[in-house]
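Visitor: Next up is a structure, given as structure tokens.
The values are calculated or read from the model by the stated rules, or taken from the named source; none is laboratory data. Since the structure is predicted, the reported quantities are computational estimates derived from the model, not experimental observations. Please note: Cβ atoms are built from the backbone with ideal geometry, for glycine as well, and neighbour counts cover all protein chains shown.
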Amino acid sequence: MINKKFSIFKMTLRFFYRVKSYVVLRIMIFVQKNYKKDIIKEQNEMFCELGFSRLDGVDLINKICRNEFCCNYDETNGMFSEHLVLLSSISLVKEDYNKILEIGTFDGKCALILSRLFQDSKIDTLDLPQNSKEYKNTYHRKTTSDQFIRKRDENLKKSNRINFIEMNSVELTKHKRNTYDLIWIDGAHGYPVVAIDILNACRLIRKDGIILLDDVHLNVKKSDSLYSSIATYEMLNLLKDTNIISDFKLIKKRLDVKFNIKNYTEKFIGVIRF
């Protein structure tokens, strides 16, 4: 009799545990969905503040991604992020942008997308020389370099308006001023390179131009010179404090909840308007 009552008690506990777990799970899902809605709303408002329509940008980038890669834009797909949506939104307003610089070619997809967004533009895209130590030791290219380069070149060859340049971006110091309408900085994210890239971009950008900066961290647990650093954020604040730029804005790099855990996964795209 005691064993039977104990069994019933255990079954009751299991039942309440499962019900509790289910309720907790449903609450978590509900909170996440609402939090993501808030993130998207905030991002849409930030685009409006910058003078662009995010919703129109999403429609256009989806169309281009379907044409070029047979899929919609998806922030979980490789290096895709809100920078593509922002570039798309900019292209709908700044149709006269005809000279664009990309620092950090990577797989060539962004340069190809830029050529489709800004159809009268010439695009210079820079990456480190493929035989350099820095190139081979980043993004796991040491063992997959030949395959990676072949796929990159396939993307770049799809537009005759893309000019691929193998050089260290620091060498842009030699280039003449006021050359570009739009500059996308996605090279090394730490000191000293990103600081030099930002200063060069400020010198190379034309009046009414826009500089975009990838992977802006507000803080990091461990800083490095390539991937994770607060260098960009520090430089933006320094340039603002010294009146080299009037202001800057930050938009979220990705919108899913898992990409927006404060002090852990949260990253931004920096925007400077001239």
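Yes or no, residue by residue, for (1) within 20 Å of Ile196 (Cβ to Cβ); (2) out of contact with any Cys (no Cβ under 9 Å at 6 or more places or on another chain); (3) in contact (Cβ under 8 Å) with a residue 40 or more places away in the chain:
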| position | (1), (2), (3) |
| --- | --- |
| Tyr97 | no, yes, yes |
| Leu112 | no, yes, yes |
| Thr125 | yes, no, yes |
| Ser145 | no, yes, no |
| Leu156 | no, yes, yes |
| Asn160 | no, yes, no |
| Asn163 | no, yes, yes |
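Visitor: Follow-up. In region 101-119, which residues are under 17 Å from the mean Cα position of the chain (by Cα) and among the hydrophobic types (A, V, I, L, M, F, W, C)? First the steps, then the outcome.
Guide: To start, the set of residues in region 101-119 that are under 17 Å from the mean Cα position of the chain (by Cα) comprises 101-114, 117.
Scanning region 101-119 gives Leu101, Ile103, Phe106, Cys110, Ala111, Leu112, Ile113, Leu114, Leu117.
Visitor: Same structure, new question: Cβ-Cβ under 6 Å, sequence separation 6+ or interchain: first residue in region 221-243 and within 18 Å of Lys253 (Cβ to Cβ) and without any contact (Cβ under 8 Å) to a residue 40 or more places away in the chain, partner of a type outside the set (Asp, Glu) and outside any loop (DSSP other than H, G, I, E, B). Which pairs?
Guide: Tyr233/Val216; Leu236/Gly270
Visitor: Then there is this: Among the residues of region 85-100, which ones are more than 18 Å from the chain's Cα centre (by Cα) and part of a helix (DSSP H, G or I)?
Guide: At the first step, the residues of region 85-100 found to be more than 18 Å from the chain's Cα centre (by Cα) are 92-99.
Leu92, Val93 - these are the residues of region 85-100 that are more than 18 Å from the chain's Cα centre (by Cα) and part of a helix (DSSP H, G or I).
Visitor: Of the residues that sit in region 242-262 and are under 15 Å from Asp215 (Cβ atoms) and not charged (D, E, K, R), which one is surrounded by the most Cβ atoms within 10 Å (Cβ to Cβ)? Working first, answer last.
Guide: Step one: filter region 242-262 for residues under 15 Å from Asp215 (Cβ atoms), giving 248, 250-254, 259-260.
Retained after the next criterion (residues that are not charged (D, E, K, R)): 248, 250-251, 259-260.
On the way: Phe248: 19, Leu250: 16, Ile251: 22, Phe259: 18, Asn260: 17.
Ranking the qualifying residues of region 242-262, first place goes to Ile251.
Visitor: Of all residues in region 67-100 being under 24 Å from Ile39 (Cα atoms) and aromatic (Phe, Trp, Tyr), which is surrounded by the fewest Cβ atoms within 10 Å (Cβ to Cβ)?
Guide: The residue in question is Phe80.
Visitor: Of all residues being modelled with pLDDT of 95 or more, under 18 Å from Ile272 (Cα atoms) and touching a Lys or Arg at 6+ places or on another chain (Cβ under 7 Å) in region 156-211, which is surrounded by the most Cβ atoms within 10 Å (Cβ to Cβ)? Just the residue, please.
Guide: Tyr180
Visitor: Yes or no: Asp208 within 27 Å of Asn77 (Cβ to Cβ), not aromatic (Phe, Trp, Tyr) and not in a loop (DSSP other than H, G, I, E, B)? Quick ask: steps written out before the conclusion?
Guide: Numbers: within 27 Å of Asn77 (Cβ to Cβ): no; not aromatic (Phe, Trp, Tyr): yes; not in a loop (DSSP other than H, G, I, E, B): yes.
Judged against the criteria, Asp208 is not a match.
Visitor: Which of the following residues is at pLDDT 95 or above and either over 20 Å from Asp214 (Cβ atoms) or of a type in the set (S, T, N, Q) (or both): Asn44, Asn34, Asn77?
Guide: The match here is Asn44.
Visitor: Filter region 150-196 down to the residues that are within 28 Å of His217 (Cβ to Cβ) and of a type in the set (A, V, I, L, M) and list them by number.
Guide: Listed by number, the residues that qualify are Ile165, Met167, Val170, Leu172, Leu182, Ile183, Ile185, Ala188, Val193, Val194, Ala195, Ile196.
Visitor: Just for region 213-239: of the residues that are surrounded by 19 or more Cβ atoms within 10 Å (Cβ to Cβ) and more than 24 Å from Ile100 (Cα to Cα), which one is nearest to the chain's Cα centre (by Cα)?
Guide: It comes out as His217.
Visitor: Still on this structure, please answer the following. Taking region 246-263, which residues are in contact with a strand residue (DSSP E or B) (Cβ under 7 Å, 6 or more places away or on another chain) and not aliphatic (A, V, I, L, M)? Write out each step before concluding.
Guide: Within region 246-263, the subset in contact with a strand residue (DSSP E or B) (Cβ under 7 Å, 6 or more places away or on another chain) is 248-253, 260.
If the condition is that a residue be in contact with a strand residue (DSSP E or B) (Cβ under 7 Å, 6 or more places away or on another chain) and not aliphatic (A, V, I, L, M), then Phe248, Lys249, Lys252, Lys253, Asn260 are the ones that fit.
Visitor: Within the group Asp215, Asp224, Asp197, which residue is in contact with a Gly (Cβ under 8 Å, 6 or more places away or on another chain) and either within 26 Å of Lys94 (Cβ to Cβ) or in a helix (DSSP H, G or I) (or both)?
Guide: On the way: Asp215 fails: in contact with a Gly (Cβ under 8 Å, 6 or more places away or on another chain); Asp224 fails: either within 26 Å of Lys94 (Cβ to Cβ) or in a helix (DSSP H, G or I) (or both).
So the residue among Asp215, Asp224, Asp197 that is in contact with a Gly (Cβ under 8 Å, 6 or more places away or on another chain) and either within 26 Å of Lys94 (Cβ to Cβ) or in a helix (DSSP H, G or I) (or both) is Asp197.
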